[in-house]
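Novice: What follows is a structure written as structure tokens; I'll ask about it next.
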Amino acid sequence: MFKHIKKFILPAAAVVMLSSCSDFLDRNSLVGLSEGDYWKSEDDAIKGANTLYAANKEFTNSIVFYGMMDDFTDISYQSFATGLTTGLFPANAAFYQTSWGIFYKGIFRANTILTKVPEIPMSEAMKNRVLGEAKFFRAYFYFKLWDYFGAVPLYEHAMNVDEAYNARATEKEVYDLIVKDLTEAYAMLPETYDQSNKGRATKWAALAMRGKAHLWAKENEKAAADFKEVMDKSDRRLLGDFHTLFRVAGNNNTEVLFDVQYIAEQGHGIATDRNYGNARGATTGSQRTRPTPKLVNAFEMADGSKFDFNNYKNAQGGTFNPNNAADWRDEASVRKLFENRDPRLHKSVIVPWSTFVGRGGVEFLYRFPVVASDATAYVPVWTNGSYAWRKFVETGSVYTLQDNMPQNFPLIRLADVMLMYAEAKNEALGSPDQSVYDAVDAVRARAGMPKLPKGLNKETMRERIRQERMVELAGEGQRYSDIRRWKIAKSVVDGVWMTEFTGVNIRQRGFPDHYYLWPIPQAERDLNPKLTQNPGWQ
């Protein structure tokens, strides 16, 4: 892990710390960022590359504050009302402006590196690496812009103010630049790093991102080829224990291809424990984000059959009504409800009558109804019938800085790549071949789940892959992009109520037709008249 990225601040004129696209449009000149004594040495180049990781970390920090993007889907929700969950976010919301600004800030930094580093006298190997990192991140930030905003302006060099008023390129032009940059990054980046540089982008991260761009563009054969190369040739392997992936103990594990690195130091950690965590944790979390009953009910039975309340018999052999609070007070029946389920359920979510090792190393039991007066009882922040995340919530009392957990956040991991391979290959073929089954079955096997049934056609395999992505990647922010690119977001989100597990309504969700793309921030349109608005946001 390269710790200097965590604490490093670029000096004087070379600082590329632009808070938004509008900030750099207000400057007299951007060329001034390269003046003085900077961009002269190999060390300058390396430190310049570090600012790319800092920009990426800035966005991850902001979406963790929002409880991850999954809160805008059907599998988790914000405890507090926000416009992206209710369908009432205005086009001038700061969230859109902040995200746009972070991505273009990162792009400007990458462009500055690509302009200045080729002229620096330094080792060719290091020069290639730094330029490869810049290519990777420029593509990555453009991918995020493309995913959320659609067609956006393209800038391929560090520009003066009078050059920063481009019109929106076509989506195809954005995609083409992403693929070009990632192809070049793949050729320039190393396969691995030494311990002091863990966390930097590798050629495998570039290839996985190129495959992802192809998948988003529905270039399924190209996507499958890239994902297969990552699966076959990289050193990445599925980690044996699923839960360890989302704890500090799992940092820099064998499965993650690219993540955001954190350390236990004020200002350099991540706020997962506050936003995902609970009242019994060492950092006293707020449970800003909570899993939905839909997610919990989506975890299959251990034998691979679907969980269905209509097929469930309570401890007395009778029916169980999940919308009747009295049924949830029957301990034996509730315990039985969560027995013999996909093991990922208990490694992802804290359910009633399960345990959680929290503050002081105490094992707390989630009794329901909640017994707050019991010193050994698990007490969620929301006590009327709430599931809670176990993913990204550290156990015990080793780490106590509430907003600064040293927990790396995975952005691309091998299980995701394997499921994207299965999706791309299935879509490219008339019916799924054995390689599609093998990829999904490997992810299920790691979880302790049986293989998929044979004889699935293209459509039924598609649904199984989507189901697998839902439960495997829950809480990691991937589903928000998935349901939008699959064009199912409106059907699974709009008008649906957020509920307690007892069926009590909390807040109605909203996903208008125009939510498939975010609005071009109004502040940017005020500065650049060439920026047209996305449909529905005018």
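Novice: Using modelled amide H (1.01 Å from N, peptide plane; none on Pro or chain starts), what sits under 5 Å from the amide H of residue 388, excluding residues fewer than 5 places away?
Specialist: 350
Novice: Relative contact order, percent, of the chain when contacts are C-alpha pairs under 8 Å separated by at least 6 residues?
Specialist: Computed over the chain, the figure is 19 percent.
Novice: Check cross-link reach from residue 180 to the aspartates and glutamates: straight Cα distance under 13 Å, and skip same-chain residues fewer than eight apart.
Specialist: Excluding near neighbours in sequence, the set is 156.
Novice: Same structure, new question: Please list the non-local residues whose amide H lies under 5 Å from the amide H of residue 341, H modeled 1.01 Å from N, same-chain partners needing a gap of 5 or more.
Specialist: Here the answer is 302, since their amide H atoms fall under 5 Å of that of residue 341.
Novice: Also, I was wondering about something else. Taking the Cα centre of the range 223-277 as origin and charging only Cβ (+1 Lys, Arg; -1 Asp, Glu), how large is the dipole, in debye to the nearest 20?
Specialist: 80 debye
Novice: Considering Cα pairs under 8 angstrom that are at least six residues apart, work out the relative contact order of the range 355-475 and quote it in whole percent.
Specialist: That works out to 17 percent.
Novice: Answer with a single label: of (i) 0.98; (ii) 1.14; (iii) 1.06, which was calculated as Cα Rg over 2.2 N^0.38 Å from the structure in view?
Specialist: Here the calculated entry is (i).
Novice: Order the peptides 354-363, 221-230 from the highest to the lowest mean number of other Cβ atoms within 10 Å of their residues.
Specialist: Result, highest mean first: 221-230, 354-363.
Novice: Can you send over the carbon and sulfur percentage of the accessible area for the range 149-276, probe radius 1.4 Å, protein chains only? Don't jump to the answer; show the numbers that get you there.
Specialist: On the way: 2430 of 5000 Å².
That fraction is 49 percent.
Novice: As an exercise, use a Förster radius of 22 Å and the Cβ-Cβ distance of residue 165 and residue 94 to find the FRET efficiency, rounded to the nearest 0.05.
Specialist: The value I calculate is 0.45.
Novice: Also, quick follow-up: What dipole magnitude, in Debye to the nearest 20, does the chain give about its Cα centre under +1 on Lys/Arg Cβ and -1 on Asp/Glu Cβ?
Specialist: Rounded to the nearest 20 debye, it is 820 debye.
Novice: With n ≥ 4 as the cut-off for DSSP H runs, can you work out [θ] at 222 nm for the chain, using -39500 (n - 2.57) per run divided by the number of residues, rounded to the nearest 500?
Specialist: -12500 deg cm²/dmol
Novice: Next up: Taking H placed 1.01 Å from N in the peptide plane, check which residues at least 5 places from residue 257 or on another chain put their amide H under 5 Å from its amide H.
Specialist: 412, 413, 414
Novice: Could you work out what % of the accessible surface of the range 376-433 is carbon and sulfur, using a 1.4 angstrom probe and leaving DNA, RNA and ligands out of the count?
Specialist: 51 percent
Novice: Run through the range 287-321 and list the trypsin sites (Lys or Arg not before Pro) located in a DSSP loop whose Cβ has at most 16 other Cβ atoms within 10 Å.
Specialist: Values: sites: 288, 294, 306, 313; in loops: 288, 306, 313.
Sites meeting the loop and neighbour criteria: 306, 313.
Novice: Where the only charges are on Cβ atoms (+1 Lys, Arg; -1 Asp, Glu), what is the dipole of the range 403-468 about its Cα centre, to the nearest 20 debye? Write down the numbers at each step before the final one.
Specialist: Numbers: 10 positive and 10 negative charges, 45 e Å.
Dipole magnitude for the range 403-468 comes out near 220 debye.
Novice: Select from the range 430-538 those trypsin sites (Lys or Arg not before Pro) which occupy a DSSP coil region and have at most 14 other Cβ atoms within 10 Å, ordered by residue number.
Specialist: Loop-located and lightly packed - 451, 454, 487, 530.
Novice: Could you bin all the Cα-Cα distances of the range 271-339 into 5 Å bins starting at 0 and give me the percent of pairs in each, rounded to whole numbers?
Specialist: 3, 14, 19, 17, 15, 15, 11, 4, 0
Novice: Also, quick follow-up: Taking a ≥ b ≥ c as the square roots of the Cα gyration tensor eigenvalues, with a/c under 1.5 meaning rounded and otherwise prolate when a/b beats b/c, else oblate, which class fits the range 258-403? Intermediate values should be presented prior to the final figure.
Specialist: On the way: a/c = 2.52, a/b = 1.68, b/c = 1.50.
Verdict is prolate for the range 258-403.
Novice: Moving to a separate point now. Could you grab the relative contact order for the range 126-199? Cα pairs under 8 Å, six or more apart, rounded to a whole percent.
Specialist: 46 percent
Novice: Here's a follow-up. With a 1.4 Å probe and all protein chains kept in place, how do 186, 148 rank by accessible area, largest first?
Specialist: Result of the area sort, largest leading: 186, 148.
Novice: Helix by helix through the chain, keep the DSSP H runs that span 30 Å or more along the axis on Cα and average at least -0.5 on Kyte-Doolittle, and give those back in order.
Specialist: Helix filter hits for the chain: 42-65, 94-116, 124-149.
Novice: Work out the FRET efficiency for residue 400 and residue 192 from their Cβ-Cβ distance, taking R0 = 22 Å, and round it to the nearest 0.05.
Specialist: Values: r = 33 Å, r/R0 = 1.51.
Computed FRET efficiency for residue 400 and residue 192 comes out at 0.10.
Novice: Take each of the peptides 97-104, 37-44, average the number of other beta-carbon atoms within 10 Å over its residues, and list them starting from the highest. Mind showing how you got there, number by number?
Specialist: Details: 97-104: 22.8, 37-44: 15.4.
Result, highest mean first: 97-104, 37-44.
Novice: Here's another thing I want to ask about it. Note down the net charge around residue 227, summing +1 for each Lys or Arg and -1 for each Asp or Glu among other residues with Cβ under 13 Å from its Cβ. Write down the numbers at each step before the final one.
Specialist: Working: positive: 210, 212, 222, 228, 233, 236, 413, 425; negative: 219, 221, 226, 229, 232, 416, 423, 427, 438.
Neighbourhood net charge equals -1.
The values are calculated or read from the model by the stated rules, or taken from the named source; none is laboratory data. Since the model is a prediction, treat every value here as computed from it, not as a measurement. No Cβ is skipped: glycine too gets one built from the backbone with ideal geometry, and neighbour counts run over all protein chains shown. Heads up: the accessible areas ignore ligands, DNA and RNA and are worked out on the full protein's heavy atoms, side chains in. Shrake-Rupley method; radii C 1.70, N 1.55, O 1.52, S 1.80 Å.
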